[in-house]
1. Is it the case that Arg88 is surrounded by fewer than 24 Cβ atoms within 10 Å (Cβ to Cβ), assigned by TED's automatic domain parsing to the domain that holds Gly170, more than 17 Å from Phe359 (Cα to Cα) and in contact (Cβ under 8 Å) with a residue 60 or more places away in the chain?
2. If Gln126 satisfies every condition in (1) of a type outside the set (Val, Ile, Thr); (2) part of a loop (DSSP other than H, G, I, E, B); (3) farther than 17 Å from Trp40 by Cα but one, which is the exception?
3. In this structure, does Asp363 turn out to be acidic (Asp, Glu), outside any helix (DSSP H, G or I) and surrounded by fewer than 16 Cβ atoms within 10 Å (Cβ to Cβ)?
4. Filter segment 167-213 down to the residues that are in contact with a strand residue (DSSP E or B) (Cβ under 6 Å, 6 or more places away or on another chain) and part of a helix (DSSP H, G or I), then identify the one that is farthest from Gly348 (Cα to Cα).
5. Only one of (1) free of Cβ contacts under 8 Å to residues at least 60 places away in the same chain; (2) surrounded by fewer than 17 Cβ atoms within 10 Å (Cβ to Cβ); (3) within 29 Å of Glu338 (Cα to Cα) fails for Gly71. Which number is that?
6. Suppose we keep only residues that are free of Cβ contacts under 8 Å to residues at least 40 places away in the same chain and part of a loop (DSSP other than H, G, I, E, B) within segment 46-68. Which one would you say is surrounded by the most Cβ atoms within 10 Å (Cβ to Cβ)?
7. Please verify whether segment 1-15 includes one or more residues that are of a type in the set (Ser, Thr, Tyr), modelled with pLDDT of 95 or more and in contact with a strand residue (DSSP E or B) (Cβ under 7 Å, 6 or more places away or on another chain).
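The values are calculated or read from the model by the stated rules, or taken from the named source; none is laboratory data. What you are looking at is a predicted structure, and each value in this text was computed from that prediction instead of being measured. As a convention, Cβ positions derive from the backbone with ideal geometry for all residues, glycine included, and neighbour counts pool all protein chains shown.
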Amino acid sequence: MALPTLPDMLKSLIGTPSVSCTLDALDTSNLPVINLLAAWCESLGFKTDIRCVDEKRKKYNLLASLGTGPGGIILAGHTDTVPYDLDRWQTDPFKLSEKDGKYFGLGTTDMKGFFAVALEAVRRMQGQPLKSPVFILATADEETTMSGAKALATLGLPKARAAIVGEPTGLRPVRMHKGITMQSIRIQGLAGHSSNPALGVNAMDVMYKVMGELNTLRSELQQKYHHAGFSVPRPTLNFGCIHGGDNPNRICGACELQFDVRTLPGMSLDEIKHTIREKVALITAQENATFSMTDLFDGVDAFETAEDNELVRLAEKLSGYGAQAVGFATEAPYLAREKIDTIVMGPGEIDQAHQPNEFMRQDQIEPMIKYLSSMIQHYCL
């Protein structure tokens, strides 16, 4: 089988649903997309390895390798998309359409389109002897659990010199982003008649004290950590939603708070979660209440590649843009922790991600192909 044209690759990728969602009714397997990519990689001479990372939900990773030996470059991305609001789309989200110099479809930008661009770059390098290998890495479930990226540590990663995570950055290299975790704290008190507070333990009163401690912790973290490279240069802690009680004349028996923490490079999500748990345990013990703290999303670490890194400098030279920092999280930390020089860089704009009528500008495709071709030349030829 021959590798299809780039538009035909886009058409097939967009036309193959791979929605990741916490609601089972909307969640789909990404295996059909993985199989497509594997077949295309094999047509270019890659060896392919498909691994299941979640048997129940049928989620899979693909690692394809062209060439042998140490070093080389990884072109990486996720194969899933978010759900979609069909009534807000002006076209079928699963049919690639073209208008005004743009390709429309679910995943064009975030981020199936990157795989078509990466494979086209490899196609143009065919026939040139590789001194180091080229890898295509396609992961599962980035939009929900990050199960594909998390599995890389156990499934194994090649010892490449460099990795490009092709999230939409408008062709600008990104060398750092914040980390994030989402948490739930549930306070269990004791309901009773509101005429006598001594008849119960008001979980909302306890949560009020917990939120006070979290406010204090937020201030402490913002005083301790600062990074001028980010538009919001300090860590954040956001109270997202709260639920408690059932009637104004009853002592609130249970209360739940959901919040996120966004960290800067150098901060530890595990340490922050441990600190929060200790503070909540102390308050609830004093108030004769109990609590549970659970991961809504256990988290992605903050990411940073050094400003003077070889890959960063190369990407800046090719693109003409200085490396940037972004607020959204990616799979980059999972590659960087394996001692692989990593940046985030791809076609498309992040403000198109997760939106109705998602599109990729066609005039960003050819430049990205040329950048990837030059990177392959640098690291593999």
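1. It is false that Arg88 is surrounded by fewer than 24 Cβ atoms within 10 Å (Cβ to Cβ), assigned by TED's automatic domain parsing to the domain that holds Gly170, more than 17 Å from Phe359 (Cα to Cα) and in contact (Cβ under 8 Å) with a residue 60 or more places away in the chain.
2. Checking Gln126 against (1) of a type outside the set (Val, Ile, Thr); (2) part of a loop (DSSP other than H, G, I, E, B); (3) farther than 17 Å from Trp40 by Cα, the one that fails is (3).
3. no
4. Among them, the one singled out is Leu199.
5. So Gly71 meets the others, but not (1).
6. Checked segment 46-68; the qualifying residue surrounded by the most Cβ atoms within 10 Å (Cβ to Cβ) is Lys58.
7. no
To keep it simple, each residue is scored yes or no on (1) under 23 Å from Glu331 (Cα atoms); (2) of a type in the set (Val, Ile, Thr).
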residue	(1), (2)
Leu62	yes, no
Thr68	no, yes
Tyr84	yes, no
Asp87	no, no
Gly105	yes, no
Arg124	no, no
Pro129	no, no
Pro133	yes, no
